Structures are given as C-alpha cells and as structure tokens.
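Have a look at the structure below, then the notes.
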Amino acid sequence: MLIGSPWIYAVVALSVLLDVFLPVLPSGVLVITAATAAAAGTAADVPDILALTLCAATASVLGDLLAYRLAWRGGARLDRAISRSRRLTTAQKRLGAALARGGGALVVLARFAPAGRSVVSLGAGAAHRRVRDFLPWSALAGLTWAAYSVALGYFGAHLLGASWVATAVSVGALFGAGAGAAYLMRREPRTS
C-alpha cells in the first residue's frame, strides 16, 4: 500500500509541487490521508508527521517559486493573457498593492483558497514583484497549509478513529478553510 510506503513522501511532494499548475490535483486530500494513516499506525512503515509536514511545505514553496519564475519570464504573452481577464487583472493589482505595503498575508490566505495559490504565484511573477517580498510569505503559506492539513488528518483520526469518516471530516474542514479563504480574498480591501 502506498500510504505505508516511503514513496508516499515523493507522491505528496509531486502532487503539492504540481498543484500550483493543476489546482484540481488532490494534494490536500493526499496529505490528510497520509496523516490519518500516520495517526493510526504504530509501525515504522507509516508516514512520520514532521517529515510529512516538511515535505508538503517544501514542495509548496518550490511549486510557488517555479510558477513565479515562469510567470516572471512569461513576458508580453502572459501580460496579454492576464489583461484579457478582468478577474486576473484585479487579482494582480490587489496582490501588487498588498505586497508593496507588506501585506503578504494575502499570499498565506491564497494558499488555502481554490486556485488562489496559482493566481498569487503567477501574478507576483508576472508583475515582477521582488522575490524577497514574495518568498518569505510563500514559505509561511506553505508551512501553515501543510501543518493545518497534517493536523486535520492526524487529530481527525485520533478523535474519530482512523477511518474514512475521519478522513472525510478532515477533508471537509480543509475545503471549509478554502471556501473561507476564497470569500475573504473576494472582499474588497478596506481603505484606511
């Protein structure tokens, strides 16, 4: 079984790394499932919680940086594609303003929202935001998301037993956080 194999780390890393480009990949579900298995097992062949968290967080940051760099080099073609979408243009402007005033909390929030990570990483690169303004927030976002996802699976299994019910409840909580993040990202920022 893959969950009990050391290969789970590679599968988690690949899934999290690529979900910046394919937001439909079930990376969060995979992390939660592996954490649920870790909570259930006592043998050495189950994923280690700390290793799983660090694996998912590192893959998240690397995926963000890859998308950022690709968008940075995307040039005029990417700019034209973004300018055709009112939503992407608005997201890019809000991201630029948020990063310029040190509001990288948007980067953290976007990590939880469906496709938010993609919009933020690609938008920051396309807008040529400085990597030193983006990277620390991406690292915090990746670690926060990974820790939250692992904790959901781990504690869900301890509270509800290591079953599909625990995994389903944990995945529901992850989707709930994503819906909340998406709602907060759509709200207009308050002017001070």
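So here's what we get for this one:
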read-out: Checklist (1) at pLDDT 85 or above; (2) assigned to a loop (DSSP other than H, G, I, E, B) applied to residue 140, failing item; value: (2)
read-out: Among residues of region 110-151, those that are in contact with a Leu (Cβ under 6 Å, 6 or more places away or on another chain) and open to solvent by 30 Å² or more (accessible area, probe 1.4 Å), counted; value: 2
read-out: Selection count, region 143-171, where residues are in a helix (DSSP H, G or I) and either hydrophobic (A, V, I, L, M, F, W, C) or free of Cβ contacts under 8 Å to residues at least 12 places away in the same chain (or both); value: 17
read-out: Hits in region 75-89 - residues which are part of a helix (DSSP H, G or I) and open to solvent by 100 Å² or more (accessible area, probe 1.4 Å); value: 77, 80, 86, 87
read-out: Condition met for residue 162 (modelled with pLDDT under 85, over 22 Å from residue 56 (Cα atoms), among the aliphatic types (A, V, I, L, M) and open to solvent by 10 Å² or more (accessible area, probe 1.4 Å)); value: no
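The values are calculated or read from the model by the stated rules, or taken from the named source; none is laboratory data. Source: prediction; values computed, not measured. Quick reminder, even Gly has a Cβ in these numbers, built from the backbone with ideal geometry, and neighbours come from all protein chains shown. Only protein heavy atoms, including side chains, enter the accessible area calculation; ligands, DNA and RNA are left aside. Shrake-Rupley method; radii C 1.70, N 1.55, O 1.52, S 1.80 Å.
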